[in-house]
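The next block holds one structure in the form of structure tokens; read it before the comments.
The values are calculated or read from the model by the stated rules, or taken from the named source; none is laboratory data. Treat the numbers as computed from the prediction; the structure is a model and nothing was measured. All Cβ positions, even for glycine, are placed from backbone atoms using ideal geometry, and neighbour counts span all protein chains on display.
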Amino acid sequence: MKFNPGAGGSMNKMLKQAKQVQEQIVKMQEELREREVEASSGGGAVTVTVNGKQEILRIKIKPEVVDPEDVEMLEDLVLTAVNEAVKQSQDMVSNEMARITGGFNIPGL
């Protein structure tokens, strides 16, 4: 096997690009913590707000849907809104990640 002195240059370039992508991902993750998505269920009876880190920030429930005789309905509304808000947040993160990585899947992110 011959030593190719030019190969080191392309490896350095590739490592530099990988470092830049990593820095962009860290910056994006910090920015996504501040971005919010909102989802509702029951025609707006329950509204859930989630950030880009999939943390639930707020749950708002309209008083008229609080029925002590039908707690199960309220639980279903909350569950539906939470799941949709988390999905929207995950989609937001995936879209931003694809923008930075050019669609290249990076394991663990």
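If I ask for residues that are among the β-branched types (V, I, T) and touching a strand residue (DSSP E or B) at 6+ places or on another chain (Cβ under 6 Å), which ones from the range 58-92 would you list?
Once the filter is applied, which keeps residues that are among the β-branched types (V, I, T) and touching a strand residue (DSSP E or B) at 6+ places or on another chain (Cβ under 6 Å), the range 58-92 yields I59, I61, V78, T80, V82, V86.
Has the range 20-28 got at least one residue that is at pLDDT below 85 and not in a helix (DSSP H, G or I)?
no
What residue, of L57, L77, L32, is part of a strand (DSSP E or B) and of a type outside the set (S, T, Y)?
Checking each option against the conditions leaves just L57.
Name every residue in the range 29-52 that is among the basic types (K, R) and modelled with pLDDT of 90 or more, in order of residue number.
Across the range 29-52, the qualifying residue is only R35.
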